[in-house]
Amino acid sequence: MNTVEIIPAILVDDFEQLQNDIELIKVGTKRIQIDICDGQFTPNASWPYRKPDNNFEMLVREDQSLPGWESIDYEFDLMVNKPEEVVDDWVLAGASRIVLHIESKGEIKAAVDKLIGRVEIGLALNIDTPITKISELGFKIHNGEIEDGAIQFIQLMGIDHIGFQGQEFDVKVIDKIREVKEAFPDLDISIDGGVSLDTAQELIDAGADRLIVGSAILNAESPLNALEEFQNLAE
């Protein structure tokens with residue numbers, strides 16, 4: 001059995017908070033997920049939508065880089081409407097993976113087409129979204145692959161209301177992991193939301209390949225120690 005990847009997740013109001021949170025954990029991880037909420041697809045907004053500044057524009061222009069970019073790969077969880085209009089900017093900002101939510105308004109497949117060959121692409125499904133929604137949006141499925149390998153992973157949400165950290169874990173995601181594993185045996189499965197030391201082992205046993213951990217790491221007395229606990233559990 002391969003080691004499960006533990007990915008710390010950051011949800012912040014502004015770029016200064018982003019820098020501070022990255023500083024807390026960057027020596028303990030090779031990858032960080034940054035949650036991006038536009039305040040339309042999600043009830044709340046996060047950086048760079050919550051407090052617009054010039055930092056995002058500077059990242060897009062490549063006039064500055066994300067903290068720790070030399071040693072850290074960044075994935076952006078785009079909880080936004082019309083992702084096809086913004087994915088190019090997030091690639092320029094430093095993404096190595098991008099997560100698209102299939103419930104968002106817009107042309108999800110067009111966003112995927114823009115990203116193919118540039119970054120790893122994941123499709124996120126809310127806990128009550130059937131996996132049949134993938135084909136309903138026009139994605140071709142053949143022999144357990146989506147769009148002939150264009151999609152590298154599925155992100156399943158382990159909570160009812162996305163865009164907030166610290167929510168209660170929903171056990172329905174356990175059966176959903178097994179369902180996705182059966183339908184797409186070659187795709188990695190990430191779990192985002194409600195992941196804690198109490199729920200992690202059950203998720204791993206069900207077949208999760210990656211655990212996205214937010215508040216259980218960042219809100220701990222020692223984020224680095226908490227991250228190490230998860231990593232030890234996942235080995």
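The values are calculated or read from the model by the stated rules, or taken from the named source; none is laboratory data. All values reported here derive from a predicted model rather than from experimental measurement. Here the Cβ is made from the backbone with ideal geometry for all residues, glycine too, and neighbour counts use every protein chain on show.
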Practice prompt. Could you tell me whether Ile22 is among the β-branched types (Val, Ile, Thr), in a helix (DSSP H, G or I), without any contact (Cβ under 8 Å) to a residue 60 or more places away in the chain and under 25 Å from Glu221 (Cβ atoms)?
Written response: yes
Worksheet, complete the sentence: Filtering segment 107-125 for residues that are crowded, with 17+ Cβ neighbours inside 10 Å and either under 26 Å from Lys172 (Cβ atoms) or of a type in the set (Val, Ile, Thr) (or both) leaves a count of 8
Response to the item:
Counting only residues in segment 134-183 that are among the charged types (D, E, K, R) and either touching an Asp or Glu at 6+ places or on another chain (Cβ under 8 Å) or in a loop (DSSP other than H, G, I, E, B) (or both), the one surrounded by the most Cβ atoms within 10 Å (Cβ to Cβ) is identified as Asp170
Worksheet item: If you go through segment 51-58 one residue at a time, do you hit one that is buried (at least 22 other Cβ atoms within 10 Å of the Cβ) and either under 30 Å from Glu202 (Cα atoms) or touching a helix residue (DSSP H, G or I) at 6+ places or on another chain (Cβ under 9 Å) (or both)?
Response: no
Fill in: Those residues of segment 67-110 which are within 18 Å of the chain's Cα centre (by Cα) and part of a helix (DSSP H, G or I), in sequence order
Pro83, Glu84, Val87, Asp88, Asp89, Trp90, Val91, Leu92, Ile108, Lys109
Worksheet, complete the sentence: For segment 214-235 the number of residues that are crowded, with 20+ Cβ neighbours inside 10 Å and in a loop (DSSP other than H, G, I, E, B) is 1
Worksheet item: Residues in segment 32-62 that are under 13 Å from Gly94 (Cβ atoms) and in contact with a Cys (Cβ under 6 Å, 6 or more places away or on another chain): how many?
Response: 0
Discussion item. Go through segment 196-213 and report how many residues are touching a strand residue (DSSP E or B) at 6+ places or on another chain (Cβ under 7 Å) and either modelled with pLDDT under 95 or assigned to a helix (DSSP H, G or I) (or both).
Written reply: 2
